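J.: Please find one structure pasted underneath; my questions will follow.
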Amino acid sequence: MTGRLHQVRRHLKHINHPVIGDANYGKGAINREMRERWGLNRLALHARSLSLTHPETGEDIVFTSPVPPDLDEPLRRMGLCP
C-alpha cells in the first residue's frame with residue numbers, strides 16, 4: 001500500500017550488496033550458482049525474529065517465525081543453520 005515493497009532490495013542493489021536469489025534486483029550469475037550448488041530457489045530473505053516496543057503500552061513485543069523449509073535446507077547445506 002505504501003509503494004515500498006522493493007525499497008530495501010533496491011537500496012542493497014544500489015550499494016552493490018544485492019539479496020541472494022532476488023530475480024529483480026540481484027545478480028543472475030550468483031543466483032544461478034546458489035541454485036545449482038546449494039538448491040536455493042528463492043529470495044534468501046527472512047526475519048526469524050522481530051521486536052518492537054508497543055507505542056501505547058511501552059510493552060516489548062517479539063514476533064518469531066521459523067525459517068521456511070525451502071530456505072532452511074539450503075542454509076543447512078551451506079553450514080549456516082544448525
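J.: Kindly provide the set of residues from the stretch 27-82 that are in contact with an Asp or Glu (Cβ under 9 Å, 6 or more places away or on another chain) and of a type in the set (Val, Ile, Thr), ordered by number.
T.: Within the stretch 27-82, THR53 is the sole residue that qualifies.
J.: Here's a follow-up. Restricted to the stretch 29-82, and to residues that are hydroxyl-bearing (Ser, Thr, Tyr) and without any contact (Cβ under 8 Å) to a residue 12 or more places away in the chain, which residue is nearest to PRO18 (Cα to Cα)?
T.: THR53
Every number in this text was worked out from the coordinates using simple rules, so none of it is lab data. Everything numeric in this text was worked out from a predicted model, so none of it was measured. Glycine also receives a Cβ, built like all others from the backbone with ideal geometry; neighbour counts cover every protein chain displayed.
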